[in-house]
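Encoded as structure tokens, the structure appears first; notes follow it.
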Amino acid sequence: MKKVFLITAFYVTALLCVTAQVKKPQPKVVANNPAASIQRGKAVYQKECLSCHQADGGGVPRLNPPLYESTTISGDKKKIISIVLRGMTDRVPIDGEYYSNNMAAHAELSNQQIADVLTFIRASWGNKASAVTPAEVKAVRGVKKK
Ligand code: HEC
């Protein structure tokens, strides 16, 4: 009897392992946010943005703003595209807080990379905003800053 139990337990465990492998955790896909863009954007984020905005998007108090629960991130795409392209040094409050560090310009990134990283941010840490496309980045890049 014990043997039967052990054999059954073995098969159940094996089956669970197989199912677990089949059901690999997929990146969370929000409507309009192609999973591939989010995946590429995560890599760009880790290389270019993580040092200031941190792995969890939480930023550093009074130095670098968090990128979650931010009205800007989920808001006007043109504004955040412009911030990534041209940086941000204004001493303006972001959701009621001031941040003393400067946001560097990242114009050297391609339109695709900027679209990907913003798509990733807009789909992460509780943000649920639509994807940003390379064409939208291209349009903002073409406009001179006032
Ligand atoms: C050197 C540190 C640093 C790096 C690197 C950096 N940021 Fe920032 N970022 C900041 C700071 C500081 C601010 C706020 C600037 C201010 O208040 O004038 C900011 C602001 C922003 C904002 C506006 C936030 C809001 O709610 O208005 C966005 C969007 C943003 N960063 C995205 C990015 C992305 C995407 C990257 C990577 C491509 C990146 N940042 C890399 C420091 C950084």
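Bear in mind these aren't lab numbers, they're just calculated from the coordinates by the rules spelled out. On a predicted model such as this, the values are computed, not experimentally measured, just so you know. Counting neighbours? That spans all protein chains shown, and the Cβs are built from the backbone with ideal geometry, glycine included.
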R91 vs. criteria on the phi < 0 side of the Ramachandran plot and surrounded by 15 or more Cβ atoms within 10 Å (Cβ to Cβ): no
Condition broken by D76, with the remaining ones in (1) free of Cβ contacts under 8 Å to residues at least 24 places away in the same chain; (2) farther than 18 Å from S130 by Cα satisfied: (2)
Qualifying residue in segment 65-79 (condition: more than 10 Å from the ligand (Cβ to nearest atom) and under 15 Å from the mean Cα position of the chain (by Cα)): yes
Residue check for T119: in contact (Cβ under 8 Å) with a residue 60 or more places away in the chain and under 19 Å from G41 (Cα atoms): yes
Segment 92-112, residues that are within 17 Å of S70 (Cβ to Cβ) and touching a helix residue (DSSP H, G or I) at 6+ places or on another chain (Cβ under 8 Å): N101, M103
Hits in segment 35-54 (condition: more than 13 Å from the ligand (Cβ to nearest atom) and surrounded by fewer than 17 Cβ atoms within 10 Å (Cβ to Cβ)): A35, A36, Q39
Members of segment 80-109 that are more than 6 Å from the ligand (Cβ to nearest atom) and either in contact with a Gly (Cβ under 7 Å, 6 or more places away or on another chain) or touching a residue at least 24 places away in the same chain (Cβ under 8 Å) (or both): I81, S82, L85, R86, D95, E97, Y98, S100, A105, A107, L109
